[in-house]
1. Step by step: first the residues of segment 1-49, then only those that are among the charged types (D, E, K, R) and open to solvent by less than 100 Å² (accessible area, probe 1.4 Å), then the one that is nearest to the chain's Cα centre (by Cα). Which residue is that?
2. Does segment 36-43 include one or more residues that are among the polar types (S, T, N, Q) and part of a loop (DSSP other than H, G, I, E, B)?
3. Those residues that are part of a loop (DSSP other than H, G, I, E, B) and among the polar types (S, T, N, Q), I need them from segment 1-35; list them, please.
4. What are the pairs, 6+ residues apart or on separate chains, where a residue within segment 6-30 that is within 22 Å of SER48 (Cα to Cα) has its Cβ under 6 Å from a residue that is β-branched (Val, Ile, Thr)?
5. For segment 50-64, name all the residues that are part of a loop (DSSP other than H, G, I, E, B) and open to solvent by less than 100 Å² (accessible area, probe 1.4 Å).
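The values are calculated or read from the model by the stated rules, or taken from the named source; none is laboratory data. Everything numeric here is computed off the predicted structure, so don't read it as measured data. Cβ sites come from the backbone with ideal geometry, for glycine too, and all protein chains shown count toward neighbours. In case anyone asks, the SASA skips ligands and DNA or RNA and just uses the protein heavy atoms, side chains included. Shrake-Rupley method; radii C 1.70, N 1.55, O 1.52, S 1.80 Å.
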Amino acid sequence: MLKPIKTDDQYNQALARVYDLMQTEINEDSAESDELEILSILVKEYESEYYPVPSPNPLEAIKF
């Protein structure tokens, strides 16, 4: 059963499962496809909260 990600350990487990799912041939509208989509959403939300990426300084972005 999928649950919200609340710890770094759960986050790492979710990333490992996402990786495993992405390495296989998944049929659209399958249970694995749904699991991958849900895990991706959960990982994104966790990363947004605990590993935010700051907006770049416009001048530095242009220089880059």
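1. The selected residue is GLU47.
2. There is no residue in segment 36-43 that is among the polar types (S, T, N, Q) and part of a loop (DSSP other than H, G, I, E, B).
3. THR7, GLN23, THR24, ASN27, SER30
4. Partner pairs satisfying both residue conditions: TYR11/ILE5; ALA14/ILE5; ALA14/VAL43.
5. PRO52, PRO56, ASN57
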